[in-house]
Amino acid sequence: MADADSASEEDTTVEAVFDAVAETAPAIRAALPGRRVESGAENPSGETALAADVYADELLAEALAAVDGVGSYVSEEREAAVDAGGAVDEDAYAVAVDPLDGSSNLRSNNAMGTVVGVYDAPLPTTGRDLVAAGYVLYGPITTMVVADADGVREEVIEGDGEGGVDRSVTEPDLTLPDDPVVYGFGGRVPDWPADFTAYAREIERELKLRYGGAMVGDVNQVLTYGGVFAYPALVDAPDGKLRLSFEANPIAYIVERAGGRASDGASPIRDVDPDGLHDRVPLYVGNAELIERLEAALA
Ligand code: AFP
């Protein structure tokens, strides 16, 4: 889409995507108390899906497939893309979703969220094809962070899940604070490679630990206070745990638009060219100086 008209079409579709995400958020939140149980199914990554994962995925699939300009819906909970009636590489987007990131936090009543990436190419593809990304965070309040051509904003989303949604922009220009305060590193410490362990020991002496087990909540801490989040390569899992298309790329887009950096340990995560929809990658995101130190430590 090169001309001005098509650029405004892009903006309209991106806006409509996040309108749809915002409108589903209260219903997903309202459904959480009754869906803490396992669904009996596994997702394509081999993880047990909760009833809440399945419900969020179904609600988001219906809402996003109905958006004009969305050609396909791609979900961490589904093996393949769902056709939404448009040729993604011509005049429509592929919307990639982690419907309920951190759903294992539901049992312990901790934060979790929905991650969204808007790609202008069919998946699997690199994060360079993202035109927008965002996440909903189900914490004490429901917020939505959206990164697009205009920058990064935070909204508060309110609604009873029965229909209307109230949205208010609480931060119109969200940027990563210059002075880092927090860090959060996933995986078990004995499973960290020696070079990452050495980096972690340095960071532990400089910053405060904030790790809650849901990437959306932990990255939101970094965006709010400055710092670094990582789910690193592990000794027995060199590709780490997080999915490139549904988690790493959208978060990378948001953090980069907010002035930070996102790496796979050696280079920008958005340069990673995946083989499949559900490829996993190590992810390190946060203040540029902390990511530069990380890449030097792993070199
Ligand atoms: P769940 O969705 O299974 O809870 O996993 C969440 C997640 O993919 C990501 O949100 C977290 O950063 C990471 O896994 C936490 O993994 P650990 O439980 O190994 O810390």
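The values are calculated or read from the model by the stated rules, or taken from the named source; none is laboratory data. As the structure is a computational prediction, the values presented were derived from the model and not from experiment. Note that we place each Cβ from the backbone using ideal geometry, even for glycine, and neighbour counts take in every protein chain shown.
Structural remarks
- Single residue of 273, 279, 173 found to be more than 10 Å from the ligand (Cβ to nearest atom), in contact with a strand residue (DSSP E or B) (Cβ under 8 Å, 6 or more places away or on another chain), within 25 Å of residue 94 (Cα to Cα) and charged (D, E, K, R): 279
- Per this entry, residue 101 is not counted among residues that are near the ligand (Cβ under 10 Å from one of its atoms) and at pLDDT below 95.
- Flag if residue 145 is within 16 Å of the ligand (Cβ to nearest atom) and not assigned by TED's automatic domain parsing to the domain that holds residue 287: yes
- Among residues of the stretch 225-263, those that are of a type outside the set (S, T, N, Q), within 15 Å of the ligand (Cβ to nearest atom) and part of a helix (DSSP H, G or I), counted: 9
- Checking the stated criteria, residue 199 turns out to be under 24 Å from residue 290 (Cα atoms), in the same structural domain as residue 225 (by TED's automatic domain parsing) and buried (at least 16 other Cβ atoms within 10 Å of the Cβ).
- Qualifying residues in the stretch 36-53 (those that are more than 12 Å from the ligand (Cβ to nearest atom) and surrounded by fewer than 19 Cβ atoms within 10 Å (Cβ to Cβ)) - the one nearest to residue 140 (Cα to Cα): 36
- One residue stands out among those in the stretch 1-17 that are of a type in the set (A, V, I, L, M, F, W, C) and out of contact with any Asp or Glu (no Cβ under 8 Å at 6 or more places or on another chain): the one that is modelled with the lowest pLDDT, which is 2.
- Those strands (runs of 3 or more DSSP E) of the stretch 19-98 in which 2 or more residues are β-branched (Val, Ile, Thr) and in contact (Cβ under 8 Å) with a residue 12 or more places away in the chain occupy 70-75.
- Residue within the stretch 197-216 that is away from the ligand (no atom under 13 Å from the Cβ), out of contact with any helix residue (DSSP H, G or I) (no Cβ under 6 Å at 6 or more places or on another chain), in contact (Cβ under 8 Å) with a residue 60 or more places away in the chain and more than 21 Å from residue 298 (Cα to Cα) present: no
- Sole exception among (1) under 16 Å from the mean Cα position of the chain (by Cα); (2) in the same structural domain as residue 112 (by TED's automatic domain parsing) for residue 164, by number: (1)
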